[in-house]
Amino acid sequence: MNRFLTLFLLISLMLSLIAISLESIPVPESPEHPQKIKILLDVAGENDLKPAVREYLLEAFRSTENIDVVLEIEEDVSYVVSVVLIEARAGADKQKTGNVAACIQYIDYFDNSILKPDVAVSNWKRVNNLTENLIEHSQMGLHLFPKDNLREMTRGVVSKFQELLSEKNK
């Protein structure tokens, strides 16, 4: 009987130690917020417009909960938001009118380095398919607005991007 009690006590002690050690293992908590989507912001165009628009877009994208914006390509970039700005000019002396055209393109991230081997061996069917996918998975828009309304235009760019994301995630 002593053997049985001793064996029972040892097994109970071992099980207790295992239970205590399992409780001390940290369990990753489920995130309260969904994972942020990383986007690459690319602003091009006239030098007097680029800095202001870039800052307004950074501010607008960073104010959203689900988007992390970067200015250079990094790992895990999912989308590229590309903005090209041109200020309208008129007359023989090409004076600026104060109106701006912005071409905005929202692209599922596409790494064109995968095209290089295909182009090298003239695999044009594959190149055409990849290019077709790139076109199908991008959205483009043209905004015309007065130069003093840059902040409002950038809010529109961010809200349109969020609409596209919500449509895609349905």
Order 118-130, 42-54, 153-165 from most to least packed using the mean count of other Cβ atoms within 10 Å.
153-165, 42-54, 118-130
Nearest 20 debye, what's the magnitude of the dipole of the range 50-170 about its Cα centre given +1 on Lys and Arg Cβ and -1 on Asp and Glu Cβ?
540 debye
Quick note, the range 52-100: a/c under 1.5 would make it rounded; otherwise a/b > b/c is prolate and the rest oblate (a ≥ b ≥ c, C-alpha gyration tensor); here it is prolate
For the residue pair residue 72 and residue 144, what label-to-label distance in nm results when each label sits 7 Å from Cα along the Cα-to-beta-carbon direction?
3.8 nm
For labels at residue 16 and residue 103 in the simple 7 Å Cα→Cβ model, what's the distance in nm?
7.6 nm
Quick check: with the 1.4 Å probe, what order do 59, 72 take by accessible area, largest first?
72, 59
Of the listed pairs 38/160; 96/147; 38/147; 50/94; 50/147, which have alpha-carbon separations greater than 22 Å here?
38/147
Provide the per-residue ³J(HN,Hα) series for the range 62-74, in order, calculated from phi with Karplus coefficients 6.51, -1.76, 1.60 and θ = phi - 60°, each as a whole number of Hz, with x at glycine and proline positions.
5, 7, 7, 7, 9, 10, 10, 9, 10, 9, 10, 4, 9
Search the structure for amide H atoms under 5 Å from the amide H of residue 123, placed 1.01 Å from N in the peptide plane, and list their residues when 5 or more places away or on another chain.
none
Rounded to one decimal in nm, the spacing of the 7 Å Cα→Cβ label points at residue 47 and residue 4 is 9.4 nm
Taking θ = phi - 60°, what integer Hz values does the Karplus form 6.51 cos²θ - 1.76 cosθ + 1.60 yield along the range 88-96, in sequence order, with x for Gly and Pro?
5, 10, 9, x, 5, 8, 6, 6, 5
Descending packing, highest mean Cβ count within 10 Å first, for 4-12, 76-84 is 76-84, 4-12
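The values are calculated or read from the model by the stated rules, or taken from the named source; none is laboratory data. Here the structure is a predicted model, which means the values were calculated and not measured. Positions of Cβ are backbone-derived with ideal geometry, glycine not excepted, and every protein chain shown enters the neighbour counts. Heads up: the accessible areas ignore ligands, DNA and RNA and are worked out on the full protein's heavy atoms, side chains in. Shrake-Rupley method; radii C 1.70, N 1.55, O 1.52, S 1.80 Å.
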